[in-house]
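Colleague: One structure is given below, represented as structure tokens, and several questions about it will come after.
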Amino acid sequence: MTQARAYAAHSATTPLVPFTFERRAPLARDVAIDILHCGVCHSDLHTARGEWGHTVFPCVPGHEIVGRVTAIGDGVSKFKVGDFVGVGCMVDSCQHCQPCADGLEQYCDNGMTDTYNGREQQGKANTLGGYSDHIVVHEKFVLRVSHAEADLAAVAPLLCAGITTYSPFRQWDVGPGQKVGVVGLGGLGHMGVKIAAAMGAHVVLFTTSPGKRDDALKLGAKEVVVSKNPDEMKAHRNSFDFILNTVAAPHNLDPFLQLLKLDGTMTLVGAPASPHPSPTVFGLIMKRRRLAGSLIGGIAETQEMLDFCAEHQILADIETIAIDQIETAYERMLKSDVKYRFVIDMGTLKAAHSA
Ligand code: NAP
Ligand code: ZN
């Protein structure tokens, strides 16, 4: 066992504070990783504040992890000490159901193990995530990072925001000749714009923040629509092949569904704490439109996404923070004031613990 320094929430209504706990010593197939950077996902906030209703406290969030391998078990073949690696939203799954066999570990029939606030497959303990100085993970759930060392902080958000947008684009065959909408320009949305543009689609960004227009164009959108403006929305009726909705709050889905053409799909990845007002049935049946959902991506697909992003030189646009600024980051996230992902410099953890 090794002692880990971390930041944890002890209840849904109290701020995150310094916390120490024990990590297991690496087992035969385990990789021990010193965490260098950890992205701040809106899911961290939903979980730390108990918004999804199943948080086990103390809770150490963080599932956009990049770090360096410091030790490996005897049976590890994929990694060696010194390698730069990533860990995303999952650290295990049952490994014997059909979805696991198909590389869809996130849909494991027996329940995947989330990187934090998850249940270990064997030990049944609650997992603690990346707002910590090191982590021990089975090699199957560790990803190779081939970006340059100087870019590692901006790679961290790919481990959740990147794969959560890449996977539905692949599932619904996003590519050249398609008109693709991305709703919400936050952490997920800005990765969605970059990735869909790199896949060759004509990308239209929908935002509630008119001040993000220029940024969206720079990120790769060809058009920007302020979704609160009915005239701007109307100009795009019946024209989209695919829309990815990343919004973290309940909102009316109908105005977006009406923009889909015949057989078009809108996929929800945003996961608000309370339901959206239901879509109107006629909005779906009139053009055989589809409303779908998608959860992160499997391990093989996450590796494919990291390699795709390295090849296309795609990184997140980040604002680096110290760990003791996490509550301010959460408050800015709630005001849609993220440009476009906070990433924690884990080197700041030691000072925060001795303060
Ligand atoms: P984020 O950085 O806070 O971005 C969310 C964006 O949604 C905001 O920047 C804002 O963009 C828009 N928005 C916020 N409130 C809104 C409202 N009331 N009405 C309309 N638009 C609003 O969050 P994130 O980290 O990208 O995460 C987004 C959601 O995805 C969260 O619910 C998170 O839990 C979920 N998530 C799901 C998965 C999955 O596997 N399905 C994985 C990761 C995260 P504009 O200013 O442009 O309007
Ligand atoms: Zn996430």
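The values are calculated or read from the model by the stated rules, or taken from the named source; none is laboratory data. All figures in this text were calculated on a predicted structure; none of them were measured in a lab. Don't worry about glycine lacking a Cβ; one is built from the backbone with ideal geometry, like all the others, and counts go over all protein chains shown. To get the accessible areas, we keep the full protein, side chains included, count just its heavy atoms, and leave off ligands, DNA and RNA. Shrake-Rupley method; radii C 1.70, N 1.55, O 1.52, S 1.80 Å.
Colleague: Identify all residues within the stretch 280-315 that are assigned to a loop (DSSP other than H, G, I, E, B), touching a Pro at 6+ places or on another chain (Cβ under 9 Å) and open to solvent by 30 Å² or more (accessible area, probe 1.4 Å); write none if there are none.
Modeller: Leu315
Colleague: Look at Thr302 and say whether it is of a type in the set (Val, Ile, Thr) and outside the structural domain of Pro15 (by TED's automatic domain parsing).
Modeller: Here the answer is yes, as Thr302 does meet what is asked.
Colleague: Specify which of the listed residues (Lys261, Lys212, Lys218, Lys228) is within 21 Å of Ala197 (Cβ to Cβ), out of contact with any helix residue (DSSP H, G or I) (no Cβ under 8 Å at 6 or more places or on another chain) and not in a helix (DSSP H, G or I).
Modeller: Lys261
Colleague: Suppose the filter is away from ligand 2 (no atom under 13 Å from the Cβ) and touching a His at 6+ places or on another chain (Cβ under 7 Å); does Pro99 pass it? Walk me through it before giving the result.
Modeller: On the way: away from ligand 2 (no atom under 13 Å from the Cβ): yes; touching a His at 6+ places or on another chain (Cβ under 7 Å): no.
So Pro99 fails the test.
Colleague: Cβ contacts < 6 Å: first residue on the phi > 0 side of the Ramachandran plot, restricted to the stretch 174-195; second residue near ligand 1 (Cβ under 9 Å from one of its atoms), any location; separation 6+ or different chain. Result?
Modeller: Close Cβ pairs satisfying both conditions: Gly184/Thr246; Gly184/Val247.
Colleague: Could you list, ordered by first residue, the pairs with Cβ atoms under 7 Å in which the first is in the stretch 221-241 and open to solvent by 100 Å² or more (accessible area, probe 1.4 Å) and the second is of a type outside the set (Lys, Arg) and outside any strand (DSSP E or B), at least 6 apart or interchain?
Modeller: Short answer, once both residue conditions are applied: Lys228/Thr208; Arg237/Gln258; Arg237/Leu259.
Colleague: The conditions are (1) of a type outside the set (A, V, I, L, M); (2) touching a His at 6+ places or on another chain (Cβ under 9 Å); (3) without any contact (Cβ under 8 Å) to a residue 60 or more places away in the chain, and Gly270 fails exactly one of them. Which is it?
Modeller: (3)
Colleague: Then there's this: Among the residues of the stretch 167-208, count how many are of a type in the set (A, V, I, L, M), more than 16 Å from ligand 2 (Cβ to nearest atom) and not in a loop (DSSP other than H, G, I, E, B).
Modeller: 10
Colleague: Across the stretch 90-136, which residue is farthest from His54 (Cα to Cα) among those that are among the aliphatic types (A, V, I, L, M) and buried (at least 22 other Cβ atoms within 10 Å of the Cβ)?
Modeller: Ile135
Colleague: Further question: Please name all residue pairs, on different chains or six or more residues apart, with Cβ atoms under 7 Å, provided the first residue is in the stretch 95-111 and is closer than 22 Å to Glu304 by Cβ and the second residue is of a type in the set (A, V, I, L, M) and not in a loop (DSSP other than H, G, I, E, B).
Modeller: Gly103/Ile299; Gly103/Ala300; Glu105/Met90; Glu105/Ile299; Gln106/Met90
Colleague: With respect to Thr207, is the statement that it is within 13 Å of ligand 1 (Cβ to nearest atom), open to solvent by less than 70 Å² (accessible area, probe 1.4 Å) and within 14 Å of Val182 (Cα to Cα) true?
Modeller: yes
Colleague: State which residue is farthest from Ile318 (Cα to Cα) when the search covers only the stretch 48-81 and only residues that are touching a Phe, Trp or Tyr at 6+ places or on another chain (Cβ under 7 Å) and within 13 Å of ligand 1 (Cβ to nearest atom).
Modeller: Pro61
Colleague: May I ask you to say which residue of Thr113, Thr55 is touching an Asp or Glu at 6+ places or on another chain (Cβ under 6 Å) and of a type in the set (Ser, Thr, Tyr)?
Modeller: Going through Thr113, Thr55 in turn, just one is touching an Asp or Glu at 6+ places or on another chain (Cβ under 6 Å) and of a type in the set (Ser, Thr, Tyr): Thr113.
Colleague: Return the residue satisfying two criteria in turn: it lies in the stretch 322-353 and is in contact with an Asp or Glu (Cβ under 7 Å, 6 or more places away or on another chain) and among the aliphatic types (A, V, I, L, M), and of such residues it is surrounded by the most Cβ atoms within 10 Å (Cβ to Cβ).
Modeller: It comes out as Met346.
Colleague: Taking the stated definitions as given, is Lys194 modelled with pLDDT of 95 or more, under 23 Å from Arg288 (Cα atoms) and not hydrophobic (A, V, I, L, M, F, W, C)?
Modeller: No; evaluated as a whole, the condition is false for this residue.
Colleague: Could you tell me which residue of the stretch 137-160 is nearest to ligand 2 (Cβ to nearest atom), considering only residues that are surrounded by fewer than 20 Cβ atoms within 10 Å (Cβ to Cβ) and under 16 Å from Phe342 (Cα atoms)?
Modeller: Among those that are surrounded by fewer than 20 Cβ atoms within 10 Å (Cβ to Cβ) and under 16 Å from Phe342 (Cα atoms), it is Leu152.
Colleague: Taking the residues in the stretch 251-270 that are out of contact with any Leu (no Cβ under 9 Å at 6 or more places or on another chain) and open to solvent by 30 Å² or more (accessible area, probe 1.4 Å) as candidates, determine which candidate is farthest from ligand 1 (Cβ to nearest atom).
Modeller: Here the residue is Leu262.
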